[in-house]
Every structure is written in structure tokens, then in C-alpha cells.
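The values are calculated or read from the model by the stated rules, or taken from the named source; none is laboratory data. Bear in mind the structure is a predicted one, so any value in this text is a computation, not a measurement. FYI the Cβ positions are ideal-geometry reconstructions off the backbone, even for glycines, and counts take in every protein chain you see. Accessible surface areas use protein heavy atoms only, side chains included; no ligands, DNA or RNA. Shrake-Rupley method; radii C 1.70, N 1.55, O 1.52, S 1.80 Å.
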Amino acid sequence: MSSATPEPGAAPEGVSAWYAESTPPVRRVFWTCSAAWALDAMDALVYQYLIPVLVLAFGMTLAEAGSIASANYFASALGGWMGGWLADRFGRVRVLQITILWFSFFSFLSGFAQDYEQLLAIRILQGLGFGAEWAVGAVLLGEMISPRHRGKALGVVHSGAAIGSGLAALLAGPVVMLFPQDLGWRVVFWIGLLPAALVFFLRRGNDDSPLFKAARERALKERRHSSPLLIFHPRYLRITALTALLALGAQGSGYAVSNYLTTFLTQERGLTISAAGFFVLVNSVGGFFGFLVNAYLSDRLGRATIFRLFGLGFVLTSAFYLYAPLGSSAWTLMPAGCIYGFFQFGIYASFGPYFTELFPTEVRANGQAFAYNFGRAFSFIFIQGVALLAGAMALSTGMMLMGFAGVICTVLATLLLPETAGRDLAELDRH
């Protein structure tokens, strides 16, 4: 398996240079995937922000509300894997359209739930589509974009997660307050239907990549049928295992800290719950710029190097945020939180280009979707690990230890994986 890296003497290119060189189909796919990912992230996070409201609306316990979130993420892992396999078999655009319609419809349907059981069932179904959308969209754009701009384009798409986080906070806060208590949260879920309009911007035949079309023709000619288990064939097993470890480490480390930040700020910094929630939201501002910086540097320095640099930055800034004598002042915590968010969110920007360049076309969506969603689903190991450690030590120490463990997994995976920045995907298919 060959690899290609950027030439050391190459002239720097702006983050948007790739866009000026792109064809209209590439631009259309870029904007569709960017909007879909932002709205996808918005819908995933809005449930978490709505939990206090939903607990009152349905008379749920906090444990029941948490079980809905957990079930949604596990469903997204299964749906993501299956969606990736279907995209390898039937086409990226067709499956992307189906997943956008699927998660939009069930997001909308969530607004009609009457009790805990109904909401649980609907959010599980919503998760099946939610898990596939990012991976399929990343593969589609990654196959269409120029190799030297792949990191920039996919990194900018992933920055939509920070925008989605901000939209979710606005919906779960000011928008909910505009309506009566039992109506506000329903309106927020109904707004989740908006992404469905994005399917009209995708053209099924024209927007599938030439790489996929060629791979599908070869498969039909040789009468080969793709299987979701193909990524575990000895030919691909090493890449599958290492990308899953990378996804688990990068996401697990982030969740180990971010999931407990509100609790940390109230218990160890003495903030009120509302103030802590606002401070955590501000972190996504730093995350947005982290995505963009990662997007640019990834093409210049390489995917593996960027994962290591952002992993190191995450450890250092997390330690500073958790242990430095910052008190409870907005003047100290908000800047520190922005810098921490820069690394915690920004590390995700290289998942799309790296995974696209590691898997050949015949299993690319399958492998990418499995690895990314494996990391998302099994991050509960790090989240639960913090809870267990907090019984014997300070919460901040448990957060730091599990966050560091996740970064170790990330670095280990990148040391065992090849560098791929600038890789020609057609050449990868010939090996």
C-alpha cells in the first residue's frame, strides 16, 4: 500500500483555495454535506440540552433520560456501519439521501412522543440514520476532491459540528422559552425536519464519484457482492482495527473530559448550573477554529502528525483548564475553555480525510463508518471510567486520567498506521 505526502517545498495554499478550483458538482456536494453535518450535530446535541425539560415533561428519571441518549448512540453505531456498507454497494449519493431523510423524519416525529417508551423507540430509530450520514458524506466528498485539498475540504465540513452545537443551545434555550412549557420542546424537535430539504441538492447519478462508479463496474463484471463483514477480511483487518482504535481514543478522550465539565465547574469551581452550561457552550467557539486550523495543517503536515499534535495539545490544555488556579471568573475560564475546545473538537477534523485515504473504494464507506461509530459507541468505557475513578479521587483527576488514556490510544494507532496525506485513491485501488 503506497502513500504520498506533501512536498516540503510546496507553496502554502489557503484554506479556501480548493473551493475556487472545484467543479460545480463538488461544490454542491460540499455545501450539502456541510449543512447536513451541522444539522445532524444540532439534532444529536439538542436532546442532551433538552434533558431537564424532558424530565419534567415526561416525569422521567435522569437515568431514563440518559438511557435514551445511550440507546441513540448505540443505534447510530449500528446504523452507521450498515449505512456505510450500503453506500459501498448501492452508491454514496443514494444512501446519503436516504439517511438524511431518515434522521430528519424521526427527529420530527420525536416532537409527537407522549411518554418515555415512545421517545425511546423514536430516538433509537433516529439514531440508525444519524450514524450513517457523516461517514457516507465524508466518503463522497473525499473521493471527489483533489488529493492535495482533501484535508481542507473535509475539515471544513466537520467544523459544522461546532455550528450545530451552537444552534442546539439556541433551540434548547431561547426558542424553547418562546412557547408554553409542553410545546417548546416539541417545536424544537419539529425543526429537525429541515435537513430533509437537502436531498434536493444532490443528484443521484451525477454526484456519485467516478472512483465509486469504476469500483462498482469491476464488482459487477467479476460478480462480487460486498458484505458488511468484508472489512474483517485478513486483507483489511489491520486497517479496520487500527482506525477503530484511533476513533475510540480520540473520541473517548474528549468525552471523558467534556461529559463532566458542567459537573466539574459546579462542584470544583463553584459555578451555578446555568453559568457552567454557558461556559461549556463557549468552548465550541474555540472548537470551530480548531477544525479550520486542523483542516489546513492536515494537508501540510500529514494526518498522523496532526492527530499527535492535537492529542498533545488536548492533554496540556485539559490539565490547565482542570488544575490551574482559574477560580470561577468568566475572564479566566472562558479563554481557557476556548483554547481547550480548540484541541478537543479540532482533532476530529482529520477523521474524514485519513479514513478515506486508508480504505480502498470497495470497502471505504463500510470501513470508515464502522471505525468512526465504533469509537463513538465504545467511548462509554472512558465515560464510565471517570465515574468509577471519581469514587476514589477528585473528579478532575479521573477526567484527566481517562482523557490521557484516550490520547495514548490515539498516538499508538497513528504510529502503526501509514501517513496518507495527498494519496491518490485510484492508486490505492490498484494495490
If a residue must be of a type outside the set (A, V, I, L, M, F, W, C) and surrounded by 21 or more Cβ atoms within 10 Å (Cβ to Cβ), how many such residues does region 399-419 contain? 4
Which one of the conditions (1) part of a helix (DSSP H, G or I); (2) in contact (Cβ under 8 Å) with a residue 24 or more places away in the chain does Met60 fail to meet, given that it meets all the rest? (1)
Residue check, Ala113 within 27 Å of Leu183 (Cα to Cα), open to solvent by less than 60 Å² (accessible area, probe 1.4 Å), outside any helix (DSSP H, G or I) and of a type outside the set (Ser, Thr, Tyr): yes
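Conditions tested, residue by residue: (1) aliphatic (A, V, I, L, M); (2) within 17 Å of the chain's Cα centre (by Cα); (3) crowded, with 20+ Cβ neighbours inside 10 Å.
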position: Glu117; (1), (2), (3): no, no, no
position: Gly129; (1), (2), (3): no, yes, yes
position: Gly173; (1), (2), (3): no, no, no
position: Pro180; (1), (2), (3): no, no, no
position: Arg186; (1), (2), (3): no, no, no
position: Phe189; (1), (2), (3): no, no, yes
position: Ala196; (1), (2), (3): yes, no, no
Quick test of your reading of the structure: Tyr348 fulfils all but one of (1) of a type in the set (Phe, Trp, Tyr); (2) at pLDDT below 95; (3) more than 17 Å from the chain's Cα centre (by Cα). Name the failing condition by number. (3)
Would you confirm, using the coordinates I've provided, whether Tyr47 is open to solvent by less than 40 Å² (accessible area, probe 1.4 Å) and under 16 Å from Phe106 (Cα atoms)? yes
What are the residues in region 31-43 that are closer than 13 Å to Leu96 by Cα and not aliphatic (A, V, I, L, M), if any? Thr32, Cys33, Ser34, Trp37, Asp40
List the pairs whose first member sits in region 171-188 and is on the phi < 0 side of the Ramachandran plot, whose second member is open to solvent by less than 30 Å² (accessible area, probe 1.4 Å) and assigned to a loop (DSSP other than H, G, I, E, B), and whose Cβ atoms are under 9 Å apart, counting only residues at least 6 apart or on separate chains? Trp185/Gly111; Arg186/Gly111; Arg186/Ala113; Val187/Gly111; Val188/Gly111
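Leu246 - would you say it is part of a helix (DSSP H, G or I), more than 28 Å from Ile381 (Cβ to Cβ), in contact with a helix residue (DSSP H, G or I) (Cβ under 6 Å, 6 or more places away or on another chain) and hydrophobic (A, V, I, L, M, F, W, C)? Steps first, please.
Numbers: part of a helix (DSSP H, G or I): yes; more than 28 Å from Ile381 (Cβ to Cβ): no; in contact with a helix residue (DSSP H, G or I) (Cβ under 6 Å, 6 or more places away or on another chain): yes; hydrophobic (A, V, I, L, M, F, W, C): yes.
Spelling it out, it is not the case that Leu246 is part of a helix (DSSP H, G or I), more than 28 Å from Ile381 (Cβ to Cβ), in contact with a helix residue (DSSP H, G or I) (Cβ under 6 Å, 6 or more places away or on another chain) and hydrophobic (A, V, I, L, M, F, W, C).
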For a quick check of your reading of the model, give me the residue pairs whose first member lies in region 325-352 and is closer than 30 Å to Gln368 by Cβ and in contact (Cβ under 8 Å) with a residue 40 or more places away in the chain, whose second is polar (S, T, N, Q) and not in a helix (DSSP H, G or I), with beta-carbon atoms closer than 8 Å and at least 6 apart or on different chains. Ala349/Ser159
Contacts under 6 angstrom Cβ, first residue in region 402-420 being farther than 10 Å from Leu242 by Cα, partner in a loop (DSSP other than H, G, I, E, B), 6 or more apart: Pro418/Ser3; Glu419/Ser3; Glu419/Thr5; Glu419/Gly302; Thr420/Ser3
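So which residues in region 226-261 are hydroxyl-bearing (Ser, Thr, Tyr) and either surrounded by fewer than 17 Cβ atoms within 10 Å (Cβ to Cβ) or under 19 Å from Ala413 (Cβ atoms) (or both), if there are any at all? Before you say what the answer is, go through the steps one by one.
Residues of region 226-261 hydroxyl-bearing (Ser, Thr, Tyr): 226-227, 236, 240, 243, 253, 255, 258, 260.
Hits for region 226-261 are Ser227, Tyr236, Thr240, Thr243, Ser253, Tyr255.
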Failed criterion for Gly66 (all others in (1) closer than 25 Å to Ala196 by Cα; (2) within 22 Å of the chain's Cα centre (by Cα) hold): (1)
Considering only region 152-174, I want to know if a residue exists there that is under 24 Å from Asp429 (Cβ atoms), in a helix (DSSP H, G or I) and among the charged types (D, E, K, R). yes
Cross-chain or 6+ apart pairs with Cβ under 9 Å, region 252-269 first and free of Cβ contacts under 8 Å to residues at least 60 places away in the same chain and of a type outside the set (A, V, I, L, M), then surrounded by 16 or more Cβ atoms within 10 Å (Cβ to Cβ) and not in a loop (DSSP other than H, G, I, E, B): Thr262/Ala276; Thr262/Gly277; Thr262/Phe279; Thr262/Val280; Thr266/Ala275; Thr266/Ala276
Can you confirm whether Trp134 is closer than 29 Å to Phe278 by Cα, touching a Cys at 6+ places or on another chain (Cβ under 9 Å) and either open to solvent by 10 Å² or more (accessible area, probe 1.4 Å) or assigned to a helix (DSSP H, G or I) (or both)? yes
Given the conditions (1) open to solvent by less than 80 Å² (accessible area, probe 1.4 Å); (2) in contact with a Leu (Cβ under 8 Å, 6 or more places away or on another chain); (3) not small (Gly, Ala, Ser), which single one is not true for His158? (2)
Ala387 fails exactly one of (1) open to solvent by 10 Å² or more (accessible area, probe 1.4 Å); (2) over 23 Å from Val157 (Cβ atoms); (3) in a helix (DSSP H, G or I); (4) in contact (Cβ under 8 Å) with a residue 60 or more places away in the chain, namely (4)
So is Trp37 in a helix (DSSP H, G or I), open to solvent by 10 Å² or more (accessible area, probe 1.4 Å) and over 30 Å from His149 (Cα atoms) or not? no
